[in-house]
Amino acid sequence: MNEEKFLQIWNNICVPTIGVIIEEAGGKIEFDLAKREGIFAIYKENRSAAKKFLRDGADQLLDRHKVVSCFQGAIIGASPLVPRKDIVFEQKDPEWVHLYLANEMLAFSASLNLMHDFVLDRATVENNNTDQVIFGKFKDKFHFPECQHVPFKVHAFRVLNYEKRHSVYNIFSWSMIFFWIEAYTRMSRIHALENSEAASLNTLNKAV
């Protein structure tokens, strides 16, 4: 991914997501423009580190899950969403979570949107009708497993927050997480579609 492509992704995916997060925070956070330039630089560092670890050539492309992981790590590394200097936050404020986890929300949500675009682009190129339905015809872009206490996404935000605070972001762990999110979505929706078709056929048979 070159800088031109990165900027296109940033404008199409990240900018709208930033707007939503700032609005949900009641305008109490803002985007630090000074940190914007550093995001692509961190992305390139992540990409180079991944290729070096894998011992691939400089021209070898990373798969989409590693690219998305590098992208997410760049946002977390820069953490461009910051509290406004003229506002004092307290933990009792309803918008507190949007300050505490704003960059994590941005990184994970934007990365999921990027992966979704990658999946649909590939499905179009390969004329994969199944993936076009699975990832293009449902309201939610991905399907997550149910968690006992908090939604899956909140767990993801918390993991990212821990990794940011301790400087231990792992490109390959997150690439596997993104791989399994995609695989889980594909598996669960194929199962749902099969059940729906079976139910429709059963209804038809009863009517005959």
On a 0 to 90 degree scale, rounded to 10, what angle separates helix 171-207 from the longest Cα axis of the chain?
30 degrees
With a sphere of radius 15 Å drawn around the Cβ of Thr17, what net charge do the other residues whose Cβ falls strictly inside it have (Lys, Arg +1; Asp, Glu -1)?
-2
Contact order relative to length of the chain, as percent, for alpha carbon pairs under 8 angstrom and 6 or more apart
24 percent
Which cross-chain or sequence-distant (5 or more) residues have an amide H under 5 Å from the amide H of Ile29, H modelled 1.01 Å from N in plane?
Arg84
Taking the Cα-to-Cβ direction at Phe152 and at Leu193 and moving 7 Å from each Cα, how far apart do the two end points lie in nm?
1.8 nm
If the reach is capped at under 25 angstrom between alpha carbons, list the lysines near Lys28, excluding any in the same chain fewer than eight residues apart.
Lys85, Lys92, Lys153, Lys164
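Could you give the length gained by full extension between Lys5 and Asp140, i.e. 0.36 nm per residue of separation minus their alpha carbon distance, to one decimal place?
Details: separation 135, 0.36 × 135 = 48.60 nm, distance 2.51 nm.
Full extension of this stretch gives 46.1 nm more.
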Assigning unit charges at the beta carbon (Lys, Arg +1; Asp, Glu -1) and nothing else, what dipole magnitude in debye, to the nearest 20, does the chain show about its Cα centre?
340 debye
Quote the accessible area belonging to Arg47 in square angstrom, nearest 10, computed with a 1.4 Å probe and with ligands, DNA and RNA left uncounted.
60 Å²
Derived scalar couplings ³J(HN,Hα) [the range 3-19; Karplus, 6.51 cos²θ - 1.76 cosθ + 1.60; whole Hz; x for Gly, Pro]:
5, 4, 5, 4, 5, 5, 5, 4, 5, 7, 10, 6, 4, x, 5, 4, x
Note the angle between two axes, namely the Cα long axis of helix 36-54 and the longest principal axis of the Cα atoms of the chain, as a number of degrees from 0 to 90, rounded to the nearest 10.
60 degrees
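Using 0.36 nm times the number of residues separating Val133 and Tyr162, minus their current alpha carbon distance, what extension gain do you get? Walk me through the numbers before you get to the answer.
On the way: separation 29, 0.36 × 29 = 10.44 nm, distance 3.55 nm.
Between Val133 and Tyr162, full extension yields an extra 6.9 nm.
Please report, in whole Å³, the volume per residue of the convex hull around the C-alpha atoms of the range 111-179.
Working: hull volume 7.1 nm³, N = 69.
Cα convex hull per residue, to the nearest whole number: 103 Å³.
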Top of Thr185, Thr130, Thr17 by mean-square fluctuation, Gaussian network on the chain, Cα under 10 Å:
Thr130
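As a test of the formula, what do you get for the chain when each DSSP H run with n ≥ 4 contributes -39,500 (n - 2.57) and the sum is divided by the residue count, at 222 nm and rounded to the nearest 500 deg cm²/dmol?
Numbers: 9 runs with 140 residues, N = 208.
Counting only the DSSP helices, I get -22000 deg cm²/dmol.
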Using alpha carbon coordinates only, what is the Rg to Rh ratio of the chain, with Rh defined as the Kirkwood radius?
1.04
Long-range HN-HN contacts of His143 with modeled amide H, under 5 Å:
Thr185
Nearest 10 degrees, 0 to 90: helix 152-166 Cα axis against the chain principal axis
30 degrees
Cβ-placed point charges (K, R +1; D, E -1), dipole of the range 1-69 about Cα centre in debye, nearest 20:
340 debye
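The values are calculated or read from the model by the stated rules, or taken from the named source; none is laboratory data. Computed from a predicted structure; not experimentally measured. Here Cβ is always computed from backbone atoms with ideal geometry, including for glycine, and neighbour counts include all displayed protein chains. In case anyone asks, the SASA skips ligands and DNA or RNA and just uses the protein heavy atoms, side chains included. Shrake-Rupley method; radii C 1.70, N 1.55, O 1.52, S 1.80 Å.
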